[in-house]
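The structure appears below as structure tokens.
The values are calculated or read from the model by the stated rules, or taken from the named source; none is laboratory data. Given the structure is predicted, the values throughout are model-derived calculations rather than measurements. Every residue, glycine among them, receives a Cβ derived from its backbone with ideal geometry; neighbour counts consider all protein chains shown.
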Amino acid sequence: MPEATLTISSRNYSSWSLRGWLLAKFAKLEFEEVIVPPDDADARKELLLLSPSILVPCLTHNGVEVWDTLAIGEYLAEVRPDAGLLPGDRAARAHCRAICGEMHSGFTSLRSALPMNLKRRFPGHKMWARALADVERVTTIWRECLHRYGGPYLFGTLSMADAMYAPVVTRFRTYDVKLDPQCAAYSESILALPEMQEWIAAATLEAEDIDELDMEF
């Protein structure tokens with residue numbers, strides 16, 4: 001019997017669902033999935049960036065309910081300290097929290113211009129300037145972390161930061177974003193994770209499509 005449940009939405013479109021799911025997987029938490037269908041009105045608003053839905057992801061564990069992705073990460077870091085979701089070094093831990101917070105609250109232009117869509121590819125996709133600025137900031141964060149902590153992940157070993165930035169890796173692949181060799185290697189390392197392979201395989205089997213997210217912008 002799983003010790004927890006995790007409510008998620010579309011595997012193909014929901015970046016926040018992927019983040020919460022990866023955090024639980026990285027923490028080695030046994031959980032049962034509860035799926036909110038994409039045609040649910042509130043879930044659809046969240047996927048289309050029309051509202052900050054609190055429906056997904058939502059973790060329920062030992063009577064505790066946590067529905068914000070950063071809160072889920074912090075909670076799991078407390079109940080599964082050996083999983084290493086946060087670095088052991090205080091300075092690195094603060095750095096990890098800072099870049100996770102930046103992803104949590106920022107990069108709105110990137111989200112709008114490159115919505116998550118694992119089943120599609122848009123080669124040669126053209127981005128507007130604000131989205132390009134977000135891409136540059138993300139890759140700067142990656143390069144700084146990989147240089148400082150030695151890779152192959154942002155803080156050396158898998159952490160909360162990799163879960164938070166994993167959906168961006170998929171966006172870069174979907175929309176054919178050109179990356180420098182270091183960032184490209186990091187992206188490949190994330191995509192090769194067994195957890196990512198499991199999520200992507202399940203996403204390709206989803207029957208539901210959202211027309212607004214399947215068009216080229």
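Let's see how each residue does on (1) among the polar types (S, T, N, Q); (2) modelled with pLDDT of 90 or more; (3) at positive phi; (4) not in a helix (DSSP H, G or I):
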{"position": "Arg19", "(1), (2), (3), (4)": "no, yes, no, no"}
{"position": "Leu23", "(1), (2), (3), (4)": "no, yes, no, no"}
{"position": "Glu33", "(1), (2), (3), (4)": "no, yes, no, yes"}
{"position": "Glu46", "(1), (2), (3), (4)": "no, no, no, no"}
{"position": "Leu50", "(1), (2), (3), (4)": "no, no, no, yes"}
{"position": "Leu55", "(1), (2), (3), (4)": "no, no, no, yes"}
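Mind checking whether some residue in region 76-97 is closer than 22 Å to Ser9 by Cα and either at pLDDT 95 or above or surrounded by 19 or more Cβ atoms within 10 Å (Cβ to Cβ) (or both)?
The answer is yes, given that some residue of region 76-97 is closer than 22 Å to Ser9 by Cα and either at pLDDT 95 or above or surrounded by 19 or more Cβ atoms within 10 Å (Cβ to Cβ) (or both).
Scan region 59-74 residue by residue and report those that are among the β-branched types (Val, Ile, Thr), in contact with a strand residue (DSSP E or B) (Cβ under 8 Å, 6 or more places away or on another chain) and surrounded by fewer than 18 Cβ atoms within 10 Å (Cβ to Cβ).
Across region 59-74, the qualifying residue is only Thr60.
Condition (residue is surrounded by fewer than 14 Cβ atoms within 10 Å (Cβ to Cβ), more than 24 Å from Ser17 (Cα to Cα) and outside the structural domain of Tyr13 (by TED's automatic domain parsing)) applied to region 171-180: is it met by at least one residue?
For region 171-180, residues surrounded by fewer than 14 Cβ atoms within 10 Å (Cβ to Cβ), more than 24 Å from Ser17 (Cα to Cα) and outside the structural domain of Tyr13 (by TED's automatic domain parsing): present.
Could you grab me the full set of residues in region 119-140 that are in a helix (DSSP H, G or I), touching a Leu at 6+ places or on another chain (Cβ under 8 Å) and in contact (Cβ under 8 Å) with a residue 24 or more places away in the chain? Explain how you work it out, then say what you get.
Start the filter on region 119-140 by keeping residues that are in a helix (DSSP H, G or I), which leaves 129-140.
Within this subset, residues satisfying the condition of being touching a Leu at 6+ places or on another chain (Cβ under 8 Å) are 131, 134-135, 138-139.
Matches in region 119-140: Asp134, Val135, Val138, Thr139.
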